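The values are calculated or read from the model by the stated rules, or taken from the named source; none is laboratory data. Predicted model only: the values in this text are computed from it and were never measured. Here the Cβ positions follow ideal geometry from the backbone for every residue, glycine too, while neighbour counts run over all protein chains shown. Heavy atoms of the whole protein, side chains included, go into the accessibility calculation; ligands, DNA and RNA do not. Shrake-Rupley method; radii C 1.70, N 1.55, O 1.52, S 1.80 Å.
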Amino acid sequence: MTSTAHCIEHLTRPVPSVEAITLCGSHRQGTSEISCYHREPDLAPSVPRVGGPGRVVDFSDPLALDSARIKTALAEHATAPLVIVEGTFALALPKLTAVATLTVYVDTPADIRVVRKTLRKLQEGQDPAPGLLGYDSSHRSYTRNVTPTREHADLVLDGTRTTAQLTAELQAHLAEQGRDTSAP
């Protein structure tokens, strides 16, 4: 789980009226994450499969996101007073940022991002090799699609800080806006 996802988990756990949607490549058991990516390589940008034949969806390209799945996920949370959408490309999607009341960019150095992803894959029992082997292209995609969104974010958080610090900073910002995120 990313530090942003941990922050959202800490923010939403005590407050049932706050709901979260995580844009991710696959649903992880026991989480609120949903897959908002195309599943078929012929429907999205694709790359050669590492260590095998064929092609796979290129999750490092925002065009691989399935806008219909995102729309459905948002509709399922339409009555919540606060919905947090988290994901690498969340701020790179004009349809999402157009309806957002607050955009937050978590600024995390590349080396920390790759270490966290590798550790997460290992903890989940997955092979980290495809992510590490594809790092060069995913880093270029991040630089091209994600980094520029920082300048348009309403709030920029330091991704090297602890989950508790990120949560506190986000809660303080929401409180300044008049959004109560404390437990009832």
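Note on the stretch 1-103: enclosed helices (runs of 4 or more DSSP H) holding 2 or more residues that are open to solvent by 70 Å² or more (accessible area, probe 1.4 Å) and at pLDDT 60 or above are 67-76, 94-97. When we screen ARG150, ARG140, ARG116 for residues that are touching a residue at least 24 places away in the same chain (Cβ under 8 Å), closer than 30 Å to GLY51 by Cα and within 18 Å of the chain's Cα centre (by Cα), the only hit is ARG116.
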